């Protein structure tokens, strides 16, 4: 009763989608920018990876 319809053959290599590539690049840049902002907010030094020294004037 069930008929098997042949599936259309798919090429193994699809042409690149310019929109997908553009969105991927934008997402990567956005994530990098957010990480940099988070590091700056947390007071981490991007060179050493260690937190900045606490210079709170009330902490004696």
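The values are calculated or read from the model by the stated rules, or taken from the named source; none is laboratory data. These numbers come from a predicted model, not from an experiment. Cβ sites come from the backbone with ideal geometry, for glycine too, and all protein chains shown count toward neighbours.
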Residue in the range 38-60 that is in contact with a strand residue (DSSP E or B) (Cβ under 9 Å, 6 or more places away or on another chain), exposed (fewer than 10 other Cβ atoms within 10 Å of the Cβ) and either at pLDDT 65 or above or outside any loop (DSSP other than H, G, I, E, B) (or both) present: yes
Subset of the range 10-32 that is assigned to a loop (DSSP other than H, G, I, E, B) and at pLDDT 70 or above - its residue that is surrounded by the fewest Cβ atoms within 10 Å (Cβ to Cβ): 16
